[in-house]
Amino acid sequence: MDTLEDNCASLRAQIASTEAQLAGLKRDLANAEKAAAAAKSENIGPAGNRKEARIAYKQQWPLEQEEYKRYGRQMIVSQIGLPGQLRLRSAKVLLVGAGGLGCPAAQYLAGAGVGTIGMVDGDTVEVSNLHRQVLHRSQNVGKYKVDSAIESLKDLNPHPTYIAHRTHLTPAEAPAIFEGYDIILDCTDNPASRYLISDTAVLLGKPLVSASALRTDGQLVVLNNPPRPPGDKHGGPCYRCVFPKPPPADSVVSCADGGIIGPVVGTMGVLQALETIKLITTPCDNISQPKDSPAMHLFSAYADPLFRKIRLRSRRANCAVCSSEATVTLDTIKSGSTDYVFFCGSASLPSLLSPSERVSPRDYLASQSENDDSKGESSDPSSKSPVLIDVRDEAQFGICNLENSINVPISTILASSTSSEGLPSWLPPDISPGSSNPIYVVCRLGNDSQVAVRKLKDLGLGQNDRFIADIKGGFRAWREQIDPEWPEY
Amino acid sequence: MSDSIPITVEFTGGLEILFANERQHKISLPARSGDGNPSNIAYLLQYLVDNLMKDQRKDMFIMEDNVRPGILVLINDADWELEGEENYELQPGDNIVFVSTLHGG
């Protein structure tokens, strides 16, 4: 028994000793591997002190483990690399506008690991935004766009710092907001904001990545790049150099009125993110060198080729902001003496019709049923049957229209001359200067219809006491007063 | 010198609406304007308004005898300000583009 027990004890001791030896070997191996890796990254020989190498290794990794995985696919692209990633992380980017341009731009910048992302927008999310403003979710309708966007961005990448500016950019606040950022993205939708953003960016020395889109087309331009002080000819042109005078307010069309295809504005927003990443990751000494001549990129979804590059002028010698003759300063912006609303004007409302030339949807419907009732009794019913002209464009008419209405787009009406000699070909055949049947005109909101009524009267169609009127408030009012199921688009 | 200069004129950014909804127009421009000088961009503008533009809203294209603000004029893909603006003399095969700036976003 004793010998058996001694044998067991001896075997246990041998196992324990071997296990201890094995553990020691494993520890040595692990240390050796760490030292080797550290030595490699530090470029010190294998003879280097292990303990020091381990400390150096710990200091060597500037990103968190998760960040290497997250950004690895872009870091292994030579144009980015680790230096580019570190520049992205220390960059502060401001997006003005959290809509069709701002959403995709912010999404890619957050994904890429831009360290600080600010967004300015005073609007709230609407259902009609969702087809293109890709950060917003249906459940966030009614919420501030910047809050909705940042909620999505945090989901995507928790690392960056996100700053919400829940306001429409005002001249009084713009300089203070822009101060805290390195690069500005113009993702807005109106000329007054575009001039304010450009002026402020130039005066604070920030490059500006600007884009816009409407219907099937988009435009992209990097302005004030390189950003040089006003008067320095080597700086890139600003928005005012390219467009010294704003367009007439009547010629400015919004996405709500003109329409927009989601991927068109998305393409432009994604390109803004790309240009921003290029600006951030291109080493400074390259940026300070003379650049290629400034350019604008035009995108046109239904053209071939899709993209077109145009060469732009350099800084304008008498530019109001970036030249030595500048008259706009941070003070004139903040004080309001540079008046952007006045500068850009506001669209004039169409010449209003008198109350007798307008009928409400309710009264129009009542007159129609009267007309139907009297039809049986009248000897000549056709002479008085009214004509309803719908002046929306063909696409909108195709979405919804009233039975018996005739589609004559307002652009067709406005394109024709006002001379009453030789009536335009778009006039429905049952309207002639000699007839007297009433004419009603309807549109989406009740503006174009008034313009059309005026035009019909100018053509001399109001003779013979013919009644010509527009339907007040258009189809929006029609939906409110008559048919709640009328599509609201 | 031939009597006419073949050029291509394009309208984008919504301006095509003023020109029968056609983006691209190939035209033969008289080689000399009424006063006998070689045809330049200023003459082309007048020619387009008189001959190509059916729409009556002339002020959507021309204001105060010049292109209205908010329209870029490109001569062979360069801003016309790089080429001498309205004094640039047209050459056969030139491509002139009128781009209305967009504001949506």
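Readers should treat all values here as calculations from the given coordinates under stated rules, not as data from a laboratory. Computed from a prediction, not measured in an experiment: that's the story for all the values here. In this analysis, Cβ positions are derived from the backbone assuming ideal geometry, glycine residues included, and neighbour counts consider all displayed protein chains.
Give, rounded to the nearest 20 debye, the magnitude of the charge dipole that chain B has about its Cα centre when Lys and Arg contribute +1 at Cβ and Asp and Glu contribute -1 at Cβ.
In debye, rounded to 20, chain B gives about 400.
For residue A:399 and residue A:233, what is the calculated FRET efficiency with R₀ set at 60 Å and r taken between the beta-carbons, to the nearest 0.05?
Rounded to the nearest 0.05, the efficiency is 0.70.
Could you put A:339, A:182, A:121, B:35 in order, starting from the residue whose Cβ has the fewest other Cβ atoms within 10 Å?
Result, fewest neighbours first: B:35, A:339, A:182, A:121.
Can you give the net charge of the other residues whose Cβ lies under 15 Å from the Cβ of residue A:215, counting K and R as +1 and D and E as -1?
-4
State the extension gain, in nm to one decimal, for the chain segment bounded by residue A:173 and residue A:30, taking 0.36 nm per residue of separation less the distance between their alpha-carbons.
Contour length minus Cα-Cα distance gives 45.8 nm.
Where both residues lie in chain A, what percent of DSSP beta bridges are antiparallel, nearest 5?
40 percent
In nm, to one decimal, how far is the modelled label at residue A:156 from the one at residue B:21, with both set 7 Å along Cα→Cβ?
Rounded to a tenth, the inter-label distance reads 3.6 nm.
Starting from 0.36 nm per residue, how many nanometres of slack lie between residue B:35 and residue B:77 once their C-alpha separation is accounted for?
Between residue B:35 and residue B:77, full extension yields 12.3 nm more.
Please quote Rg/Rh for segment B:4-100 to two decimal places, taking the Kirkwood radius as Rh and restricting both calculations to Cα atoms.
Answer for segment B:4-100: 0.92.
Residue A:480 to residue A:245: FRET efficiency via 1/(1 + (r/R0)^6), r the Cβ-Cβ distance, R0 25 Å, to the nearest 0.05?
The calculated FRET efficiency here is 0.05.
How big is the equivalent ellipsoid of segment A:405-489 along its three axes, where each semi-axis is √(5λ) from the Cα gyration tensor, reported in whole Å from largest to smallest?
Output for segment A:405-489: semi-axes of 25, 14, 10 Å.
I want to check the label-to-label distance for residue A:303 and residue A:17. Put each point 7 Å from Cα in the C-beta direction and report it in nm to one decimal.
So the two model labels end up 8.7 nm from each other.
Spin-label point model (7 Å from Cα, Cβ direction): what's the residue B:62 to residue A:339 distance in nm?
Calculated label separation equals 3.2 nm.
Which value, in debye to the nearest 20, gives the size of the charge dipole of the protein assembly as shown about its Cα centre, when Lys and Arg are +1 and Asp and Glu are -1 at the Cβ?
That gives a dipole near 2120 debye.
Would you mind ranking A:307, A:178, A:342 by Cβ crowding within 10 Å, fewest neighbours first?
A:342, A:307, A:178
Any idea what angle helix A:81-90 forms with the longest principal axis of chain A, computed on alpha-carbon atoms, 0 to 90 degrees, nearest 10?
Its long axis makes an angle of about 60 degrees.
DSSP beta bridges in segment B:4-100, what fraction antiparallel, as a percent rounded to 5?
80 percent
For chain A, find the longest principal axis of its Cα atoms and tell me its angle to the long axis of helix A:448-458, 0 to 90°, nearest 10.
30 degrees
I'd like the orientation of helix A:262-281 relative to chain A: the angle between its Cα long axis and the longest Cα principal axis, in ° from 0 to 90, rounded to 10.
40 degrees
Cut-off is 10 Å between beta-carbons; in what order do A:193, A:432 appear when sorted fewest neighbours first?
So the ranking, lowest neighbour count to highest, is A:432, A:193.
If you project the alpha carbons of the protein assembly as shown onto their three principal axes, what span does each projection cover, largest first, in Å?
Principal-axis extents of the protein assembly as shown (Cα, largest first): 135, 72, 50 Å.
My understanding is that a pair violates if its Cα-Cα distance is over 31 Å; which of A:154/A:334; A:206/A:245; A:26/A:69; A:233/A:309; A:233/A:334 do that in this structure?
Checking Cα-Cα distances, A:154/A:334 exceed 31 Å.
Local charge sum around residue B:12 (other residues, Cβ-Cβ under 10 Å, Lys/Arg +1, Asp/Glu -1)?
Around residue B:12, the charge tally is -1.
With a cut-off of 8 Å between alpha carbons and a minimum separation of six or more residues, what is the relative contact order of segment B:4-100 in percent?
40 percent
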